[in-house]
C-alpha cells in the first residue's frame with residue numbers, strides 16, 4: 001500500500017513540476033495552432049491523474065529487499081557511476097576489471113571468484129571489442145608508459 | 001505473382017555469403033541470449049544495437065543480423081523454461097507449465113526437440129502470413145492522415161497498457177513517463193529547446209537506446225543482485241536427444257491452430273508474444289478438456305505455447321513494418337533499430353525500399369531454417385551455455401552495455417543517464433509498473449505530437465477533425481475498448497502461475 005502511495009505522490013509532484021515547466025516553453029512567432037506547449041501539458045495532466053489514482057487505490061506492497069541487499073544495490077550503483085566517470089580518463093581495462101569484479105561480488109560474495117571474473121571479463125571483452133569488432137577502445141590511461 | 005518477384009528480390013539480397021553468415025551468427029547469438037536466464041529478446045537485442053551500429057553494417061545487413069537474433073532469442077527462451085523452470089522472457093512463461101514437468105519426467109530431450117519444431121512451424125507460418133498481409137496493410141495505410149496516425153498511436157498505448165499490465169493507472173503513468181521524456185530537447189516545429197532545464201546535454205533529447213539499455217539490461221543486473229543469482233542451476237538431466245516423431249505427428253493440428261491464434265494476437269498493436277503464447281495455450285487446453293491433462297507435462301502443452309509465441313513474434317512485425325507501431329516490447333526495440341538506421345517504417349517503406357522489406361522477410365525465412373537445423377542437433381551445446389553462472393554473466397552484460405552506449409556518443413553523461421534508467425527500471429518493475437510503455441513513449445512521443453500538430457494545422461485548430469474519418473473513429477473506439485475491457489476481463493483471463501517444485 002505505502003509504496004504505491006509514495007510513488008504516486010512523487011509522480012504527482014514530478015507531473016506538476018513538468019506542467020509548470022511546460023508553461024515556460026518559449027513559443028516562436030511562427031506558431032501552429034497547437035504550439036510546443038500543449039502536448040507536454042496534456043501528458044503532464046494524464047500523468048498527474050494516473051498518479052492520483054495510484055494514491056487513492058494502491059496495490060499491495062511488493063517484497064522489498066532487506067538490509068544488506070540495499071547496501072549491495074547501493075554499492076552497485078556507486079560503482080557503475082564511478083565506472084561511467086573513469087572509463088574515458090583511465091582507459092578500458094582497469095575500470096572494467098574493478099567494476100565487473102565488484103558487481104560479481106555483489107551477486108555472489110566470493111572474493112577470489114569475483115576478482116578472477118573481473119580480470120577475465122575485462123581482458124576478454126577488450127580483445128573481443130578491439131580485435132573482434134574493431135571498436136576504438138583505449139586500453140590503458142595515456143602517458144602511463 | 002508480384003509477391004514471388006518481391007521474394008526473389010529479397011532472397012537475392014539475403015543470400016549473399018556475407019549476409020548469410022550474419023544470419024547464422026545472429027541465430028547462434030540469439031539462441032544463447034534467449035536461453036540465458038535474465039536475458040530475453042528485448043534486452044538481448046537492445047544491448048546489441050549500439051554495437052551493431054558501431055560496426056558500420058549497412059541497413060539490410062544490420063536488419064538481417066538483428067532479426068536473426070530476435071527469432072533466435074524466441075527459440076532460445078524455451079531452453080531455460082524447460083530445463084530450469086525459469087522463463088528466459090515473459091512469453092516463455094507458458095512453456096514452463098508443461099515443459100518443466102515433462103523434463104522432470106525424464107523426457108527433457110523430447111521436450112526440447114518438440115518445442116524446437118513447434119517454434120519452427122509457428123515462425124514459418126507467421127512469416128508467410130507477414131508476406132501476405134503486410135503489403136495489403138501497407139496499401140490501407142496510405143489512407144492514413146495525421147488524425148488517423150494520432151489515433152493509432154493512442155491505440156498502441158491503450159492496448160499495450162490494457163493487456164500487458166495489471167493496473168490501468170500504472171500503465172498510463174508508464175506511457176506518460178515515456179512521452180514526457182520524448183518531449184525533452186529541441187522542438188521540431190519552432191526549433192527552440194524545451195524542458196531541458198538549461199542543461200546542454202539535454203538539448204539533443206534523450207537517446208532512446210540509452211533508455212532501452214538502461215531499463216532492460218541494467219535493471220536486470222539490480223534484480224540479480226537482489227536475488228544473489230539463486231535458482232540458476234539445472235535440476236533435470238538431459239540424456240541422448242532423439243526426435244520424438246510420434247509426439248510431433250500428434251501435435252501437428254495443435255501447432256497449426258496455435259500458430260493462427262498467435263499470429264493474430266501478434267498483429268494487435270500492443271499485445272505481442274506474451275498474449276500469443278497465453279491464448280494459444282488456453283485455447284488448446286479448452287479444446288483438450290480435463291482429459292488433456294494440461295499442466296502435467298503433455299506434448300500438446302509444449303507445442304501450443306511455443307508455436308503461438310513464435311507466430312506472434314512474426315505477427316508483431318506486421319504493424320511495426322507497415323504502420324511504424326510496434327506490437328510488443330521486442331518489436332519496439334526493433335523499431336528503435338530501424339530508427340537508428342534512418343529507416344522510417346510505414347507504408348512508404350514497401351514502395352521506396354523494397355530491398356529492405358523483402359530482404360528482411362527472406363532473412364526471416366532463412367533464419368528460421370537455420371534455427372531449426374541449429375536447435376535440434378546442437379541443443380546440447382546451448383544447454384552447456386546455461387551453466388555460465390550469473391556472477392559472470394551479469395557483470396559481462398553490464399560491461400557490454402556500457403561499451404555499446406559509450407561507443408555511440410563517447411559521453412559519460414549518457415552512461416549516467418543509462419544508470420539512472422536502470423534504477424528507474426528496477427523501481428518500476430518492483431512496483432509492477434510495466435516498462436514497455438515507457439520505451440514506446442520515448443520512441444513514438446515525437447511522432448505522436450507531430451501527428452497531432454499537423455492534424456490541427458490541417459483543420460486550423462478544430463479538434464473535431466481528430467474524429468472526422470471512419471478509420472479514426474474506429475481506432476478511437478478500439479483504443480478506449482482496449483484500455484477499459486481488460487479491467488473486466490481480468491477475472492476471466494487469469495494467468496496461470498508457474499509450477500513450483
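Where a number appears in this text, it was derived from the coordinates with a stated rule and is not lab data. Here the structure is a predicted model, which is why all the values come from computation and not from measurement. Note that each Cβ is placed from the backbone with ideal geometry, even for glycine, and that neighbours are counted across all protein chains shown.
Observations on the structure shown:
- Tail beyond 12 Å, pair distance distribution of segment B:422-476 (Cα, percent): 73
- Label zone at residue B:471 (point 7 Å along Cα-to-Cβ), backbone N below 14 Å, segment B:313-352: B:322-325, B:346-349
- The sum of -39500 (n - 2.57) across all DSSP H runs of n ≥ 4, divided by the residue count of chain B, sets its helix-only mean residue ellipticity at 222 nm to -24000 deg cm²/dmol.
- Stokes-Einstein D for the protein assembly as shown, Kirkwood Rh over Cα pairs, 10 °C, 1.306 mPa s (µm²/s): 63
- From the C-alpha gyration tensor of segment B:245-378, square roots of 5λ in Å: 31, 17, 11
- Cubic angstrom per residue, convex hull over Cα atoms of segment A:2-99: 161
- Degrees, to the nearest 10: B:390-409 long Cα axis against longest axis of chain B: 30
- With contacts taken as Cα pairs under 8 Å at a separation of at least 6 residues, segment B:307-439 carries a relative contact order of 16 percent.
- Taking the empirical scaling 2.2 N^0.38 Å for compact globular proteins as reference, segment B:311-402 has a Cα radius of gyration ratio of 1.38.
- Debye log10 I(q)/I(0) for segment B:243-314, one point scatterer per Cα, at q = 0.16, 0.18 Å⁻¹: -0.48, -0.59
- Taking label positions 7 Å along the Cα-Cβ direction at both residue B:252 and residue B:15, the computed distance is 2.8 nm, reported to one decimal.
- Radius of gyration, Dmax [segment B:414-453; alpha carbons; angstrom]: 12.6, 36
- Förster-model FRET efficiency, 45 Å R0, residue A:130 and residue A:74, C-beta, rounded to 0.05: 0.90
- Hydrodynamic estimate: the Kirkwood radius of chain B over Cα pairs, inserted into Stokes-Einstein at 25 °C and 0.890 mPa s, corresponds to D of 108 µm²/s.
- When you work out D = kT/(6 pi eta Rh) for segment A:2-56 at 4 °C and 1.567 mPa s, using the Kirkwood radius from C-alpha pairs as Rh and the Stokes-Einstein form, the result is 108 µm²/s.
- Equivalent ellipsoid semi-axes, segment A:94-145, via Cα gyration tensor eigenvalues times 5, rooted, Å: 23, 13, 8
- Taking 7 Å steps out from each Cα toward its Cβ at residue B:188 and residue B:409 produces label points 2.0 nm apart.
- Kirkwood-type radius of segment B:1-89, with distances r between different C-alpha atoms, in Å: 13.6
- Per-residue packing, averaged as other Cβ atoms within 10 Å, sorts the ranges B:316-325, A:63-72, A:116-125 into the order B:316-325, A:116-125, A:63-72, beginning with the highest.
- Interatomic Cα distance distribution for segment A:54-107, bins of 10 angstrom, percent: 22, 35, 21, 15, 7, 0
- Taken over segment B:158-209, the ratio of Cα radius of gyration to 2.2 N^0.38 Å equals 1.42.
- With Cα atoms, 0 to 90° folded angle of helix B:299-315 axis to chain B main axis: 20
- Pair residue A:123, residue A:27: separation of 7 Å Cα→Cβ label points (nm): 6.4
- Hull-based mean projected area of segment B:46-166, where the convex hull spans the alpha carbons, in square nanometres: 10.5
- Averaged over the residues of A:69-77, the number of partner chain Cβ atoms lying within 10 Å of the residue Cβ comes to 4.
- Across peptide A:49-58, the average count of Cβ atoms from other chains found within 10 Å of a residue's Cβ is 4.
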